[in-house]
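Take a look at the structure set out below.
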Amino acid sequence: MKSFSYERADSPAAAAAAAARVPGAKFIGGGTNLLDLMKLQIETPAHLIDVNDLGLDEIESTDDGGLRIGAGVRNTDLAADPRVRNDYAVLTRALVSGASGQLRNQATTAGNLLQRTRCPYFYDTNQRCNKRRPGSGCGALAGVSRQHAIVGSSDACIATHPSDMAVALRCLDAKVSTVRSDGTRREIPIEAFHRLPGDTPEREHDLAADELITAVTLPPPVGGTQLYRKVRDRASYAFALVSVAAIVHRDGRAQVALGGVAHKPWRVETAERELARGGDARTTAAALLAGARPTRDNAYKVTLVERTLAAVLAQARESGS
Amino acid sequence: MERFDPERRRVLKATAVAGSAVASAHLLLQAEAATASANATRLDTAATPHHDVRLRVNGTEHELRIDPRMTLLDTLRERLHLTGAKKGCDQGQCGACTVIVDGRRIASCLTLAVMQQGHEITTIEGLGTPRNLHALQAAFVKHDGFQCGFCTPGQICSATAMLQEIASGIPSHVTADLTRPPRSSILEFRERMSGNLCRCGAYSNIQQAIAEVAGVDADEIV
């Protein structure tokens with residue numbers, strides 16, 4: 001690891017102020033991805049601000065009946081919360097399908113959103129990677145791209161976002177709350193939180209350097225049958241090749257988001273209209289993946305999305321009847 | 001069984017540095033000095049401000065001055081000489097470094113020691129002793145839950161906390177009904193232990209050891 005200085009902040013304002021004060025500072029929550037990347041010197045923060053003492057580890061009901069999840073709530077605690085299990089099952093299902101028991105005990109809500117891609121070309125510092133070293137090229141494009149993105153990718157980057165939690169949050173229309181050192185607060189809809197790679201794959205979100213995530217807010221419960229189906233190379237402890245988060249209502253309406261296929265959780269409104277009109281998995285998957293640019297290695301994901309969606313819709317019909 | 005003695009281990013290490021199994025006391029001292037100075041050089045050139053930390057490990061408070069880059073794993077092993085937790089991948093993927101912090105299992109390679117002040121850290125050395133084995137340690141011995149043994153401390157720390165997670169109602173990927181507390185089963189154990197890899201492939205015996213302690217039929221069809 002490169003040398004860094006360390007401090008433990010005691011309030012969100014103090015953490016944001018510290019980030020504004022020290023160039024190259026980063027917040028550290030669980031550390032399960034940041035420390036991993038620091039050991040490889042892919043991340044080289046000059047200063048670490050420990051955000052585990054900010055009092056952001058509560059899950060509270062909001063006035064409109066939704067849930068406000070503190071940024072520091074551990075993945076395990078979020079998945080186990082009775083309100084989440086009962087009213088937002090897609091979120092519990094997504095969380096428990098990710099990582100391992102150890103990592104879920106450490107990983108925070110905000111950290112999960114901010115984790116970096118697991119593209120092997122990003123992780124291997126001998127390889128070209130526009131995300132790790134802008135302008136160096138993309139090793140994955142002409143390399144082994146079996147795990148990579150099929151939609152929303154660019155000539156600069158075909159990496160995927162690895163989070164399961166974020167796919168469920170996209171399905172639930174969550175909002176991300178932040179605060180800056182000058183006290184400015186904002187609420188970012190989850191669909192606008194993660195960026196597509198375009199020409200700047202090194203920028204994965206629009207947060208300012210001194211902007212701290214304080215909470216993620218869920219709307220009031222939406223009901224429906226909530227499912228998360230993750231297809232991966234082994235039954236546990238692996239990233240998604242394709243995942244489908246779905247909230248299916250009896251009247252045919254549904255919210256559907258995909259993981260493992262893009263640089264961000266992938267949700268397409270026209271596909272949901274197609275479903276509401278009585279469309280099947282084939283026509284819905286076609287709408288979800290309109291404009292897809294798979295590589296030779298990952299063209300199978302197009303079929304896998306359709307089949308996984310078909311399985312999810314069948315399961316929803318079964319459990320809804 | 002002999003009690004683990006960190007002093008003996010240090011002498012063995014120094015002997016290895018000296019390159020002789022019959023090194024004189026003089027050589028040993030030289031070797032220790034050389035090792036110490038090499039370590040000091042490596043840390044000094046980094047010019048990282050050190051931190052005075054208090055760590056509570058297995059019920060004992062330790063005051064240490066550490067480089068903030070020290071992971072909890074490195075601190076346990078290199079500074080406190082608690083070498084039960086192992087460095088396998090050092091990337092949080094293998095589970096060999098699993099320890100229990102405030103009752104929760106974590107990967108000690110993916111947290112900094114400076115972040116763990118004020119917490120109750122339990123390592124395999126704190127779970128049981130050779131004369132008074134923890135129930136899972138005894139079960140691992142009985143069911144031959146290991147071959148080389150490298151992953152075993154992590155497996156046992158993980159299993160200990162894993163059973164507690166089930167008892168406290170935390171669901172897993174294979175919990176069918178999220179509205180009810182999960183029940184111990186082979187299926188649950190297999191899913192929940194996936195963060196601990198065993199290259200010897202002693203999984204079925206590990207599963208039996210855990211099942212016995214949890215009072216679950218190990219032959220249950222999964």
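Only the coordinates and a few stated rules stand behind these numbers; no lab work does. Small disclaimer: the values here were computed from a predicted structure and weren't measured. Glycine also receives a Cβ, built like all others from the backbone with ideal geometry; neighbour counts cover every protein chain displayed.
Condition check ((1) surrounded by fewer than 19 Cβ atoms within 10 Å (Cβ to Cβ); (2) facing another protein chain (nearest Cβ under 9 Å)) across all residues:
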residue: A:ASP10; (1), (2): yes, no
residue: A:LEU35; (1), (2): no, yes
residue: A:MET38; (1), (2): no, yes
residue: A:ASP50; (1), (2): no, yes
residue: A:ARG68; (1), (2): yes, no
residue: A:PRO82; (1), (2): yes, yes
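State yes or no: is A:LEU103 touching a residue at least 24 places away in the same chain (Cβ under 8 Å), under 28 Å from B:MET162 (Cα atoms) and either surrounded by fewer than 17 Cβ atoms within 10 Å (Cβ to Cβ) or more than 14 Å from chain B (Cβ to nearest Cβ) (or both)? No, not satisfied. Can you tell me how many residues within region A:28-68 are at positive phi and touching a residue at least 60 places away in the same chain (Cβ under 8 Å)? Residues in region A:28-68 being at positive phi and touching a residue at least 60 places away in the same chain (Cβ under 8 Å): 3 in total. Checking the structure you have, find out if any residue of region B:138-147 is under 23 Å from B:PHE189 (Cβ atoms), small (Gly, Ala, Ser), more than 12 Å from every other protein chain (Cβ to nearest Cβ) and crowded, with 23+ Cβ neighbours inside 10 Å. The answer is yes, given that some residue of region B:138-147 is under 23 Å from B:PHE189 (Cβ atoms), small (Gly, Ala, Ser), more than 12 Å from every other protein chain (Cβ to nearest Cβ) and crowded, with 23+ Cβ neighbours inside 10 Å.
Where strands (runs of 3 or more DSSP E) sit wholly within region A:162-259, those with at least 1 residues that are in contact (Cβ under 8 Å) with a residue 24 or more places away in the chain and charged (D, E, K, R) occupy A:175-179, A:185-189, A:225-231. For first residues located in region B:86-114 and in contact (Cβ under 8 Å) with a residue 40 or more places away in the chain and at negative phi, partners that are surrounded by fewer than 22 Cβ atoms within 10 Å (Cβ to Cβ) and in a strand (DSSP E or B) and lie 6+ apart or on another chain with Cβ distances below 6 Å form the pairs B:ILE100/B:THR122; B:ALA113/B:ILE66; B:VAL114/A:TYR6; B:VAL114/B:HIS51; B:VAL114/B:VAL53. A count restricted to region A:264-297 and to residues that are in a loop (DSSP other than H, G, I, E, B) and not polar (S, T, N, Q) stands at 16. Test A:LEU141 against the criterion of being within 14 Å of the chain's Cα centre (by Cα) and in contact (Cβ under 8 Å) with a residue 40 or more places away in the chain, and give yes or no. No: the conditions fail for A:LEU141. Note on region B:165-191: among residues that are in contact (Cβ under 8 Å) with a residue 24 or more places away in the chain and within 27 Å of A:SER319 (Cα to Cα), the one that is nearest to the other protein chains (Cβ to nearest Cβ) is B:ARG190. Output yes when any residue across region B:192-211 is in a helix (DSSP H, G or I) and facing chain A (nearest Cβ under 10 Å), and no when none is. Within region B:192-211 (the criterion being in a helix (DSSP H, G or I) and facing chain A (nearest Cβ under 10 Å)), the answer is yes, since at least one residue qualifies. Exactly one residue out of B:ILE156, B:ILE170, B:ILE166 is farther than 19 Å from B:GLN208 by Cβ and either out of contact with any Gly (no Cβ under 8 Å at 6 or more places or on another chain) or assigned to a helix (DSSP H, G or I) (or both), and it is B:ILE170.
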